[in-house]
Every structure is written in C-alpha cells, then in structure tokens.
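Participant: So that we are looking at the same thing, I have put the structure below in structure tokens.
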Amino acid sequence: MEEAVVEEIVRLLELEDQAQLKVYLDDLNISDVEHLIDELPQYAVKFIETLSVKRAVNVFRILDFPTQEKIIKKLPGNKLAELINLLPPDDRTSLFSELKGDAVKKLIILLPAKDRIEALSLLGYEEDSIGRLMTPDYVAVKKDWTVTRVLSHIRRYGKNSETIDVVYVIDKDGILLDDIRIREILLADPEAKIGDLTDQRLIALKASDHQEEAINIFRMNNRVALPVVDDNNVLLGIVTVDDILWIANEEYTEDIHKIGGTQALDEPYLDMPILGLFKRRIGWLVVLFLGEMLTATAMAHFEADIAKAVILAMFVPLIISSGGNSGSQASTLIIQAMALGEITIGDWWRVMRREIISGLMLGLVLGSIGFLRIFAWTFFTDMYGPHWMLIGITVGVALVGVVLWGSLAGSMLPLLLKKLGADPATSSAPFVATLVDVTGLIIYFSVAVMFLTGVLL
C-alpha cells in the first residue's frame with residue numbers, strides 16, 4: 001500500500017474526522033482496506049465500524065482468522081450482529097468452525113431462526129469436508145421451464161445468489177440433473193425449454209468428500225462454481241472458486257510447513273507466540289534427533305572396521321548427505337505431484353521404475369565425481385596410500401547405492417503414508433534425510449567390507 005494512503009488515514013484518525021474517514025475508506029479497494037488493517041492493526045475495529053456495512057462484510061471475510069477474532073471481541077453488539085447476518089453462509093461457517101464453542105453460541109444467537117438452522121446444518125459436516133465450504137445461495141430451475149421463465153426467476157432471486165454465472169437444473173425431488181452457464185440461457189430462444197439446453201456433462205462434488213478433492217476438480221475443469229450433492233444426488237449447495245483458492249493456499253502452506261519438518265502454523269508466523277512456535281517444532285526435532293542417534297549406533301557396529309581404516313570416516317559426511325539430498329528431492333517431487341493429482345497410489349510401480357533409473361543415473365554421476373576426487377588427490381598427496389583405487393571404488397559404488405536408496409525411499413514413503421491414510425507431507429525432507437542417513441551408513445560400510453576385506457580391513 002502507498003505510504004501516502006497510510007499517512008492520510010493516520011491524519012484523519014488524529015483529527016477524529018469520522019465523516020471524512022468514512023468517505024476515504026469507502027473509496028478504497030477492499031484489498032487496500034485489508035492492507036490498511038495489516039499496517040494499523042490497532043485501528044482494525046475502528047475501520048470495520050466506520051465502513052458501510054456491506055463493504056465492512058467484504059473486508060472482514062478476506063481477513064485472516066486471528067484478525068477476525070480480535071475484531072469480533074471488540075466490535076459493538078449492533079455492528080457485530082449486522083456483520084454476522086450479512087456474511088455469506090460459507091464464510092460464516094468457516095468463521096464458526098475456527099471459533100471456540102462459547103463464542104460460536106453467542107454469534108449463532110445473533111442470527112435469524114432460518115439462518116441459525118442453516119449455520120448449524122453446515123457445521124454438521126466434517127471439518128475438512130466440502131460440505132463446510134458450500135453455500136446454499138444459488139439459482140435452481142426446473143427442466144420444463146422456458147428460458148423466459150428462468151430469466152424472470154433469476155431477476156427475482158439472483159441478487160441473493162453467490163453467483164449467477166451458472167444455473168442449476170433440478171427435478172421435482174431436488175435431484176441435480178445438470179448445470180447451464182448463464183451465457184447459454186441468454187443466447188437461447190425465449191420459448192425454449194431449459195431441459196433442451198442441457199448437455200449432460202455434469203460435474204458435481206459430494207458434500208462428504210475432502211476439500212482437496214474440490215481443489216483438484218476446480219483445477220481440471222475451469223469453473224467459477226460447482227454444485228454439491230448428497231449420496232442421493234440431491235442438490236445441497238454450491239462451492240465457489242474464491243473459497244477453493246483460499247483452501248488451496250491453506251493446504252499449500254500446511255504442506256510446506258510439514259515438508260520442512262514442523263507442524264502447520266494456524267496463525268501468521270509473526271503473530272504466533274514463541275511458545276506456540278516451540279511446541280510445533282520440538283516434536284519433530286525430538287523424533288528426528290532420536291532417529292539420528294541410530295547413526296551413532298550404526299557407526300558403533302562398524303567401529304572395528306573404522307579403526308583399521310580411519311580413512312573411511314572422512315567420507316561419512318559425503319555419503320550420508322548425498323543420500324539425504326537425493327531422498328529429499330524425491331519426496332518433495334512426489335508430494336507435489338500427489339497434491340496436483342498427477343500421480344496416485346496406483347502409480348507406485350511406475351514411480352518406482354522411474355526412480356530406479358534416475359537414482360542409478362544420479363548415483364553414477366556422483367560416484368564418478370567421488371572416484372575422480374580421490375584419483376586427483378593422489379597427484380598431490382599419498383594420504384590414500386597404495387590402495388587408493390579400491391578406496392575410490394568403495395566410495396563410488398557406495399554413492400551409487402546410497403543415492404539409489406535415497407531416491408527410492410523418498411519417492412515410496414509418501415505413497416506408503418497415503419496408503420495407510422496418513423498425510424503424505426508428513427514424510428518431510430528432514431524425516432527422509434534422517435532415514436537415509438542411518439541406512440546410508442550401513443550401505444557404505446557394507447560396500448567397504450566387500451571391497452577392502454583382506455586389504456585394509
């Protein structure tokens with residue numbers, strides 16, 4: 001936001017010029033007011049109170065939850081009642097699902113009886129289900145209506161709909177038959193029956209499905225809204241793309257946090273208390289630390305071999321970091337591909353084949369570099385002794401094995417977790433790296449025993 005805008009707002013606040021402040025705020029874009037609240041959070045309630053009620057609602061619905069919660073606690077009762085009543089049902093449900101029980105009860109009381117029943121109905125769906133995202137504000141028509149009657153119906157009820165870009169065709173029992181874009185209706189013969197305009201290419205969401213399903217379907221089908229049905233195909237509501245974009249952003253943020261080896265943050269980083277950050281990070285760090293302790297156990301098992309050929313210990317960081325890096329790469333690629341719907345659990349064999357080939361190729365490149373490094377050093381030092389070639393082969397072969405194993409572990413673990421019903425993002429890069437560190441040492445020293453027994457060991 002431009003500094004001049006902030007300075008002007010601050011000036012009006014200092015002058016306590018309520019009328020001019022309202023005019024100025026009402027002239028700003030909704031997104032500008034949101035940025036203003038981010039810049040001057042202490043005046044968030046003042047801004048919402050000053051805005052005309054419809055603009056206040058539009059600003060409130062795009063704020064993050066912690067800011068919404070602060071506003072709710074301090075907003076006067078009459079303004080709060082207006083705000084909650086005018087919030088679209090899907091945004092209201094999203095807000096209620098985040099709030100604690102007592103706060104929800106107080107807000108639900110502010111709603112008219114009809115809206116209260118609707119809110120409680122939407123809250124009855126699972127937290128991450130599509131049912132929580134849907135709004136019951138849509139335009140539905142019967143298949144035997146004429147275009148003229150449909151347009152009359154839209155004029156009468158369309159202003160209360162979330163969108164009129166799409167009109168939904170139902171039968172007498174409320175079963176969804178098809179959806180028609182408003183453009184097709186506007187261009188049709190006024191006396192044509194709506195049923196004659198349908199193309200039977202219906203795409204619908206199930207209310208009980210996970211929200212990630214909706215993200216993938218919207219991504220593949222270029223829609224501004226999709227209908228939501230129950231198990232009997234009865235139309236319950238619609239989900240609009242603005243809600244899907246919001247959820248997609250939350251899912252992406254959550255996955256990034258998990259891939260980084262921490263629990264997802266439910267507040268912006270700078271708003272999260274230090275203790276909260278500690279709690280979300282310590283669990284994974286302890287698990288990873290305990291996992292890395294197995295590295296010491298693995299090295300202890302080969303202690304006698306290391307004592308005979310201390311030179312082997314020099315390459316331990318090289319070996320385990322290469323395996324961890326390849327595993328982290330593979331897991332990140334697979335998690336992203338799964339999130340985009342590019343691969344499923346059924347593709348596990350195709351993924352494994354690709355990772356075997358790419359893992360071998362990557363391992364051969366790194367193994368060759370490792371061997372060449374040892375070969376080059378023989379021109380400047382005799383630290384590797386007369387058996388430098390065997391040591392080079394040991395390091396090279398170990399790198400091929402470790403990188404191959406890292407690629408396989410990193411690619412298969414997300415698919416395995418998905419199969420077990422867990423979040424694939426939980427197979428974070430640090431977790432895969434820790435797993436490959438331990439097994440990488442076993443591979444390295446096993447190769448060393450194979451090539452160096454009777455020579456250095």
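Participant: When the residues of the range 303-313 are narrowed to those that are modelled with pLDDT of 70 or more and surrounded by 11 or more Cβ atoms within 10 Å (Cβ to Cβ), which ends up farthest from residue 453 (Cα to Cα)?
Facilitator: Ranking the qualifying residues of the range 303-313, first place goes to 313.
Participant: So, in the range 1-49, exactly how many residues are touching a residue at least 24 places away in the same chain (Cβ under 8 Å), farther than 18 Å from residue 74 by Cα and outside any helix (DSSP H, G or I)?
Facilitator: Residues that pass the stated criteria total 1.
Participant: Looking at (1) surrounded by fewer than 18 Cβ atoms within 10 Å (Cβ to Cβ); (2) touching an Asp or Glu at 6+ places or on another chain (Cβ under 7 Å); (3) not small (Gly, Ala, Ser), which one does residue 335 not meet, given that it meets all the others?
Facilitator: (1)
Participant: Please state which one of 326, 331 is over 22 Å from the mean Cα position of the chain (by Cα), polar (S, T, N, Q), in the same structural domain as residue 410 (by TED's automatic domain parsing) and closer than 22 Å to residue 438 by Cα.
Facilitator: 326
Participant: Another question about this same structure. Quick test of your reading of the structure: residue 132 fulfils all but one of (1) of a type in the set (D, E, K, R); (2) farther than 24 Å from residue 215 by Cβ; (3) not assigned by TED's automatic domain parsing to the domain that holds residue 211. Name the failing condition by number.
Facilitator: Status for residue 132: all satisfied but (2).
Participant: If you don't mind, there's one more thing I want to ask. On the basis of being of a type outside the set (Asp, Glu), surrounded by 15 or more Cβ atoms within 10 Å (Cβ to Cβ), at pLDDT 85 or above and assigned to a helix (DSSP H, G or I), does residue 284 make the cut?
Facilitator: So residue 284 fails the test.
Participant: Yes or no: the range 148-155 includes at least one residue that is free of Cβ contacts under 8 Å to residues at least 60 places away in the same chain, within 24 Å of residue 212 (Cα to Cα) and of a type in the set (Gly, Ala, Ser).
Facilitator: no
Participant: While we're looking at this one, here's another question. Give the range 150-180 a look and list any residue that's closer than 16 Å to residue 191 by Cα and surrounded by fewer than 15 Cβ atoms within 10 Å (Cβ to Cβ), or say none.
Facilitator: 152, the sole residue that qualifies.
Participant: Restricting the search to the range 395-423, which residues are of a type outside the set (Gly, Ala, Ser), more than 16 Å from residue 444 (Cα to Cα) and in contact (Cβ under 8 Å) with a residue 24 or more places away in the chain? Steps first, please.
Facilitator: Keep residues of the range 395-423 that are of a type outside the set (Gly, Ala, Ser), which gives 395, 397, 399-400, 402-405, 408, 412-420, 423.
Subsequent filtering for residues that are more than 16 Å from residue 444 (Cα to Cα) retains 408, 412-420, 423.
Selection gives 408, 412, 413, 414, 415, 418, 419, 423.
Participant: Next up: Going through the range 341-381 one residue at a time, which ones are charged (D, E, K, R) and either under 17 Å from residue 311 (Cβ atoms) or not in a helix (DSSP H, G or I) (or both)?
Facilitator: 342, 373
Participant: I'd like to know if the range 316-332 contains one or more residues that are touching a helix residue (DSSP H, G or I) at 6+ places or on another chain (Cβ under 7 Å), surrounded by 14 or more Cβ atoms within 10 Å (Cβ to Cβ) and not in a helix (DSSP H, G or I).
Facilitator: Looking through the range 316-332, none of the residues is touching a helix residue (DSSP H, G or I) at 6+ places or on another chain (Cβ under 7 Å), surrounded by 14 or more Cβ atoms within 10 Å (Cβ to Cβ) and not in a helix (DSSP H, G or I).
Participant: Which one is nearest to residue 407 (Cα to Cα) among residues in the range 436-457 that are more than 46 Å from the chain's Cα centre (by Cα) and of a type outside the set (A, V, I, L, M)?
Facilitator: This residue is 451.
Participant: Inspect the range 224-240 for any residue being assigned to a helix (DSSP H, G or I) and either out of contact with any Pro (no Cβ under 6 Å at 6 or more places or on another chain) or surrounded by fewer than 17 Cβ atoms within 10 Å (Cβ to Cβ) (or both) and give the result as yes or no.
Facilitator: No: zero hits.
Participant: State all residues of the range 69-106 that are within 18 Å of residue 36 (Cβ to Cβ) and crowded, with 20+ Cβ neighbours inside 10 Å; if no residue qualifies, say none.
Facilitator: Of everything in the range 69-106, those that are within 18 Å of residue 36 (Cβ to Cβ) and crowded, with 20+ Cβ neighbours inside 10 Å turn out to be 71, 75, 83.
Participant: When the range 119-144 is examined, which residues are found to be under 25 Å from the mean Cα position of the chain (by Cα) and surrounded by fewer than 14 Cβ atoms within 10 Å (Cβ to Cβ)?
Facilitator: Start the filter on the range 119-144 by keeping residues that are under 25 Å from the mean Cα position of the chain (by Cα), which leaves 122-135.
124, 126, 127 - these are the residues of the range 119-144 that are under 25 Å from the mean Cα position of the chain (by Cα) and surrounded by fewer than 14 Cβ atoms within 10 Å (Cβ to Cβ).
Participant: Here is a check on your reading of the model: is residue 116 touching a helix residue (DSSP H, G or I) at 6+ places or on another chain (Cβ under 8 Å), crowded, with 20+ Cβ neighbours inside 10 Å, of a type in the set (Lys, Arg) and more than 29 Å from residue 7 (Cβ to Cβ)?
Facilitator: In short, no.
The values are calculated or read from the model by the stated rules, or taken from the named source; none is laboratory data. In this text the structure is predicted, and so the values were computed from the model without any measurement. Neighbour counts are summed over all protein chains in view; Cβ atoms, including those assigned to glycine, are modelled from backbone coordinates with ideal geometry.
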